[in-house]
1. Quick one: count up the residues across the stretch 81-129 that are among the acidic types (Asp, Glu) and over 19 Å from Ile56 (Cα atoms).
2. Among the residues of the stretch 138-160, is there at least one that is at pLDDT 85 or above and within 17 Å of Leu73 (Cα to Cα)?
3. Look at the stretch 164-195 and say how many of its residues are at pLDDT 85 or above and either outside any loop (DSSP other than H, G, I, E, B) or touching an Asp or Glu at 6+ places or on another chain (Cβ under 7 Å) (or both).
4. Looking at the stretch 235-257, which of its residues are in contact (Cβ under 8 Å) with a residue 60 or more places away in the chain and part of a loop (DSSP other than H, G, I, E, B)?
5. What strands (runs of 3 or more DSSP E) lie completely within the stretch 49-163 and have 2 or more residues being in contact (Cβ under 8 Å) with a residue 60 or more places away in the chain and surrounded by 13 or more Cβ atoms within 10 Å (Cβ to Cβ)?
6. So which pairs qualify, if the first residue must be in the stretch 209-223 and exposed (fewer than 15 other Cβ atoms within 10 Å of the Cβ), the second must be part of a helix (DSSP H, G or I), the Cβ gap must be under 6 Å, and the two must be at least 6 apart or on different chains?
Amino acid sequence: MRAAAHLLLPRPALAGCLFAGLWRDTRGAALGDAQRLSHFPASPLIGVTWVLAGEIRLLAPGGFARRHSVPPLPRVSVMGPQNHPTTSWTPGPVLALSLGVYPDAWARLTGGLPLPAADQSPVAAPDLFARLTDDAAWDWDNLQDALSAFWHGAEVAPHTRLGDWARGLAGRAALSGPGTSLRSMERRVRRWTGQTRGALSLFAGVDDLHARVSRAAPASLAELAAEAGYADQSHMGRAVRRVTGYSPARLNRLIAEDEAFWPYRLLGERF
């Protein structure tokens with residue numbers, strides 16, 4: 001039996017708040033230690049994770065050898081934006097959901113709670129999220145119903161891609177509130193997202209690469225770099241490496257061959 005993974009997309013009414021859910025079920029799957037790793041790209045999103053069965057442990061870079069000594073995540077945890085790729089490991093079968101929340105929607109969704117700090121370890125999630133903690137009770141529609149009660153009435157345009165969200169947020173930052181200087185805009189972006197405008201531009205650019213490849217695969221990586229507006233293939237490669245930890249060519253091979261890169265396959269992230 002193979003491990004199961006599903007991409008769960010939000011209803012249109014929640015698409016200005018939620019990016020997507022990643023559902024993973026390895027119960028009954030015969031996986032080795034290395035296959036129980038999960039590699040995730042850097043992300044400007046806030047991640048909420050429900051561990052419905054089993055355990056998940058977040059590893060430090062190069063921390064596979066020490067995986068057995070790492071404490072498990074709380075049953076329901078939250079992690080702020082991550083400017084570097086992250087890796088988790090499960091010591092046995094697991095059933096879990098990771099939900100991506102747009103950071104500028106966090107305060108409204110949670111009743112004014114501050115943004116989780118970027119590049120920090122996960123912590124126990126607010127009570128709002130600590131509801132469905134076993135697989136018998138869990139249901140994607142029920143979870144969306146619960147979150148809709150907090151998001152109801154928000155006048156936020158739905159987003160279909162990270163790049164669209166990042167560009168839209170930069171536009172709002174330029175037009176909102178007193179002060180139209182670049183410094184004022186930067187402060188608003190950081191206050192709303194915990195990120196710099198440059199970091200959001202990096203995420204938007206790499207997301208645009210995925211969008212281009214999904215529409216029509218380019219003849220080569222050099223052609224993709226030129227079409228996407230990078231100075232050359234090396235420039236594009238540095239951006240991809242910052243977000244994923246790998247060159248585009250190597251990442252493509254890992255996505256195709258390595259079980260641990262299932263999040264990339266699920267999100268359709270190829271170059």
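The values are calculated or read from the model by the stated rules, or taken from the named source; none is laboratory data. The structure displayed is predicted, hence computed values, not measured ones. Because the Cβ atoms are built from the backbone with ideal geometry, glycine has one as well, and the counts that use them run over all protein chains shown.
1. Here is the first cut: in the stretch 81-129, the residues among the acidic types (Asp, Glu) are 104, 119, 127.
Then drop every residue that is not over 19 Å from Ile56 (Cα atoms), which leaves 104, 127.
Result for the stretch 81-129: 2.
2. Looking through the stretch 138-160, none of the residues is at pLDDT 85 or above and within 17 Å of Leu73 (Cα to Cα).
3. Just the residues of the stretch 164-195 that are at pLDDT 85 or above, to begin with: 164-169, 186-195.
Then drop every residue that is not either outside any loop (DSSP other than H, G, I, E, B) or touching an Asp or Glu at 6+ places or on another chain (Cβ under 7 Å) (or both), which leaves 164-169, 186-193.
Result for the stretch 164-195: 14.
4. Residue satisfying the conditions is Gly245 alone.
5. Numbers: elements: 57-59, 76-79, 86-89, 95-101.
Strands (runs of 3 or more DSSP E) meeting the threshold: 95-101.
6. Pairs found: Ala222/Gln233.
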